[in-house]
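S.K.: Dumping the structure here so I can ask a few things about it.
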Amino acid sequence: MLEKIKESIPNVYINSPQDSTPYILNISVMGIRSEILLHSLEQRGVYVSSGSACSSNRPKPSHVLIAMGFPKERVDSSIRISFCPSNTTQEVISACEILKEVAENIRKQITN
């Protein structure tokens, strides 16, 4: 998914370190607040989060991303994508395609 995101979705930052776990990917889709992206993806059947599992009841900016020195806009536009060993390649490709479509649609709405 990391490679597909990099090649197909403009203005996205990869927040996860290169040596992090392969089962969690944190990205920032710049210009789109994480909660808006989260709910738009949910409507399309893609479930992501805007924080760590231990902070699901507290919609606050990620203290980890803040500690990493990322700007507020990048932190506010971050989402966490979790995977499990049973996810298929097709599921990952489909989720990435939906992420691309949703990001494009939200960005169009914001600029209009």
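Read the figures in this text as sums done on the coordinates, not as results from a lab. Keep in mind that what you see is a predicted model, and the values were worked out from it rather than measured. Heads up, the Cβs are rebuilt from the backbone with ideal geometry, glycines too, and the neighbour counts pull from every protein chain shown.
S.K.: Run the helix sum for the chain: -39,500 (n - 2.57) per DSSP H stretch of 4+ residues, divided by residue count, reported at 222 nm to the nearest 500 deg cm²/dmol. Don't skip to the answer; put the middle values down first.
M.R.: Details: 5 runs with 50 residues, N = 112.
Result for the chain, helices only: -13000 deg cm²/dmol.
S.K.: Using the Kirkwood formula over every pair of different C-alpha atoms, what hydrodynamic radius in Å results for the chain?
M.R.: Result for the chain, one decimal place: 14.3 Å.
S.K.: Measure off 7 Å from each Cα along the Cα-to-Cβ vector at ILE36 and ILE66, then give the distance between these two points in nanometres to one decimal.
M.R.: It is 2.2 nm.
S.K.: By how many nm would the segment from ASN11 to ASN87 grow when fully extended, if each residue of separation counts as 0.36 nm and the alpha-carbon distance is taken off?
M.R.: Extra length available between ASN11 and ASN87 comes to 24.8 nm.
S.K.: Still on this structure: Go from 0 up to the bin containing the longest alpha carbon distance in segment 1-54, width 10 Å each, and give me the % of pairs per bin.
M.R.: Percent of pairs per bin, in order: 20, 57, 22, 0.
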